[in-house]
Structures are given as structure tokens and as C-alpha cells.
1. Applying the selection to the range 252-261, what residues are of a type outside the set (Gly, Ala, Ser) and open to solvent by 10 Å² or more (accessible area, probe 1.4 Å)?
2. Looking at the range 68-81 only, could you name the residues that are small (Gly, Ala, Ser) and part of a loop (DSSP other than H, G, I, E, B)?
3. Tell me, yes or no, whether the range 34-54 has at least one residue that is more than 16 Å from ARG245 (Cβ to Cβ) and free of Cβ contacts under 8 Å to residues at least 12 places away in the same chain.
4. So for the range 11-32 (the condition being surrounded by 14 or more Cβ atoms within 10 Å (Cβ to Cβ), out of contact with any helix residue (DSSP H, G or I) (no Cβ under 8 Å at 6 or more places or on another chain) and of a type in the set (Gly, Ala, Ser)), does at least one residue qualify?
5. What pairs can you find where one residue is in the range 178-204 and open to solvent by 10 Å² or more (accessible area, probe 1.4 Å), the other is among the charged types (D, E, K, R), and their Cβ atoms are less than 8 Å apart, with a gap of 6+ or different chains?
6. With the checklist (1) more than 30 Å from ASP146 (Cα to Cα); (2) open to solvent by 10 Å² or more (accessible area, probe 1.4 Å) in hand, flag the one item TYR313 doesn't pass.
7. Mind listing just one residue for me: the one in the range 299-309 that is among the aliphatic types (A, V, I, L, M) and crowded, with 16+ Cβ neighbours inside 10 Å and, of those, farthest from LEU346 (Cα to Cα)?
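The values are calculated or read from the model by the stated rules, or taken from the named source; none is laboratory data. The structure displayed is predicted, hence computed values, not measured ones. Note that we place each Cβ from the backbone using ideal geometry, even for glycine, and neighbour counts take in every protein chain shown. Heavy atoms of the whole protein, side chains included, go into the accessibility calculation; ligands, DNA and RNA do not. Shrake-Rupley method; radii C 1.70, N 1.55, O 1.52, S 1.80 Å.
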Amino acid sequence: MIESRGAIPFNDLTPRDESARAELEAVARRVIASGWYIFGPELEAFEREFAESVDCAHGVGVSSGTEAIQLALTALGVGPGDDVVTVANTAVPTVSAITAAGAQPVFADVDPETLLMDATKVAPRITPRTRAIVPVHLFGQAVDMDPIIDLARRRGIPILEDAAQAHGARFKGRPVGALGDACAWSFYPTKNLGALGDAGMVTTNDAAVAARLRRLRAYGQSSRYVHVEKGINSRLDEIQAAFLRAKLPRLSSANTRRREIAALYDRHLHGVTLPTRASERDHVFHLYVIRAARRDALQAALRDEGIGTLIHYPIPVHRQAAYVEHIDQAPFLAVTERAADEILSLPLYPELSDADVRRVADAVTRIAARA
Ligand SMILES: Cc1ncc(COP(=O)(O)O)c(C=O)c1O
């Protein structure tokens, strides 16, 4: 145990910037004073402002990223009997949302460099039952979308992007969020744009999809007490929408700081594999994911020095007990399975100081050299 300095947690959501904290407190007072807490002007404004920021015509606020995926799939016409192709190295909610929409997940392996969906692995997984493709812009980096868009267009299959980890990321200069038929966002507090609780959104340029989502999130109502289809309750509260409106203008500078931290890690880390930035993509470093042969020993040694790390994700979805019926897909997922044993996410959040980044990088380098 070398550590005598303060611990470096994996994440820290306490607002350090006094002006940001004061702004959030003022926002809370404003919403409380308004007496309007659900489906009001804050949500309408945030839907418009966020959708505009990703070059989309429509934004529909919902309760979480999970329900954004579930409801977007339903709005795109996916349901029981349909297959949805996605990846197995993702947050489990990508897949639980697919099953909640009544569909079956079909997993495609990922690119060995970026660990993102790989169109060449998607093509052989498509069948006549495939009714959607869900590329996940994992870790803050956009998927190589052009070949996926080509494939989907040729087969007439809608694309739902999962951008829960990629607020502000770009592919060939275009923001993620408007690259497919619809895009699901999470504003879980740790995300690059995070609420002070749960929140999510679907962005789309398709007015019919947006209109259907507005019904689905409100018990299937077309107008009050008129239910034209079966929906659920999935609302983005006024207070969360107001917090998110206050935070949106700071997203770009927060992402710039994330990139600076990533560059600092790149310079100071040795003896481990660094994250790949594929060409023509603006990575927003929701996570800084390294690969190390003796990952578990490295993680334990860092923990002993007070440095928090996490693994995104240690058990691919097809190996989770809840999804055991998909274990027969393992032979298609060799890259996914290998990566799960090697990946490690280092602390990266805008408030992290340069000194802490160097301390983490030096510790990783020293421990990796011992291995
Ligand atoms: C890639 C991905 N998809 C979906 C989700 C689900 O979002 P939420 O936690 O807001 O339901 C998350 C976040 O946990 C995620 O990281």
C-alpha cells in the first residue's frame, strides 16, 4: 500500500464550479415556483434545444435511455417476432430494451481496434426477420456508420443509434443522433450530459416516428383520455429538463476537457494498449478504456493505491444469466469475449486535475511494468 495521498474515485459528480452549482439551485427554485412539474415549457424547450444541437428536427423526452431505446424500436415498427441486430459488449439496457419491445436480440461481433459495431460482422447476422439495427456509440466514439447505413438501406432495415455514451460525438463531421432513423439518449447522471436523476430522449428527423413516440410515452394517448395504442408512462420531468437545459451549453467545454485528459493519459501511459481513435470521428471520451493482459491484477493494485477503475463491461450480454438463452451466439463473438477480459476504464471526468491524471497514468505504467 503506497497510497498516502487522497483517493481518486472513478467518478465524482459533485459540482465543483460555484457558478454551475448556483445555476442549478436557481433552476430548481424556478421550477418549484412555477408549480408545473410534468409536460411543460422546460421539457418543450429542452427537446427543441437538444434536438437542434444534434441536427435533428424532433426530440421526444422520456424517463431513461432504456425506455428511449424500447419506445423508439416500437415507434419504428419493431415488435414480437422481430430480430434486432446489436452488439454484446454494451450496457445491458441496450438489450433489455430490445426484449422489452418484444423483439429478439441478435449479436454481431465488434471491430478489434475500436470495440464498436463492425458492418462486416453485421451483414451475416441479418435474416428476413431482422427489423432494426442498433449500433452503439460506446465509450464516446461513433461507430463507423457509412457501411452500416449502406447495408441497412439495401435491406430496408431501420437504424436506431444508441448514443447513451456519446453526447457531442461526431462521425465525418456530423453529430451522432441524426445518422440513422432515430437515436436514443440517456441523461443518467454520469453521462457526458447528465441530469440530477434519470432522463432520456429520442431524436429523429421522422415526424411520424416522433408523433408516435409522444403517444407511447403517455400511455398511448393521442389526446387526454383517448388511447389509440398501448403505451407506458415514460416522462422526462420538468425539473430534470430544466437542469439539462442549464447544462447543455457547457457540454462542449466539458467534452474539450475530457479530450485534454485523454491526451494527457495518452502521453503518460506506457505498457498498456491505449484507446483507438478511428479516423474522421470526434471521440468525446465518456470512458477512457485501456487494455491490459493482466487486467484483474492491475485493477486490484490500483485499488490498493486508492485509484478507482471500472470495467465496461466485464460480462458480455450473451453470458449474463438473464440472457442465457443467447449463449449459442458465443461462436460469433470472439472479439467481444476476448476484450471483456482485458479492458479497464480509468477515471475520466472534467473535474479531474492534471496532477491526478498523471498520478493514475504513472501508477498504471509502474504496475504494468511489474507484470
Ligand atoms: C450504451 C448504453 N445504452 C443504454 C443505456 C441505458 O440508459 P439509462 O441508464 O438512462 O436507462 C446506457 C446507460 O446506462 C448505456 O450506457
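1. Hits for the range 252-261 are THR256, ARG257, ARG258, ARG259, GLU260.
2. Of everything in the range 68-81, those that are small (Gly, Ala, Ser) and part of a loop (DSSP other than H, G, I, E, B) turn out to be GLY77, GLY79, GLY81.
3. Yes: one or more hits.
4. No: the range 11-32 contains no residue that is surrounded by 14 or more Cβ atoms within 10 Å (Cβ to Cβ), out of contact with any helix residue (DSSP H, G or I) (no Cβ under 8 Å at 6 or more places or on another chain) and of a type in the set (Gly, Ala, Ser).
5. What qualifies is ALA178/ASP55; LEU179/GLU161; GLY180/GLU161; ASP181/ASP206; TYR188/ASP198; ASN192/ARG258; GLY197/ASP237.
6. Evaluating TYR313 over (1) more than 30 Å from ASP146 (Cα to Cα); (2) open to solvent by 10 Å² or more (accessible area, probe 1.4 Å) leaves (1) as the failure.
7. Here the answer is ALA301.
Listed here are the residues, each with its yes/no results for (1) surrounded by fewer than 16 Cβ atoms within 10 Å (Cβ to Cβ); (2) modelled with pLDDT of 95 or more; (3) farther than 25 Å from ALA340 by Cβ.
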{"residue": "ALA263", "(1), (2), (3)": "yes, yes, yes"}
{"residue": "HIS270", "(1), (2), (3)": "yes, yes, no"}
{"residue": "SER279", "(1), (2), (3)": "yes, no, yes"}
{"residue": "ILE290", "(1), (2), (3)": "no, yes, no"}
{"residue": "ALA297", "(1), (2), (3)": "yes, yes, no"}
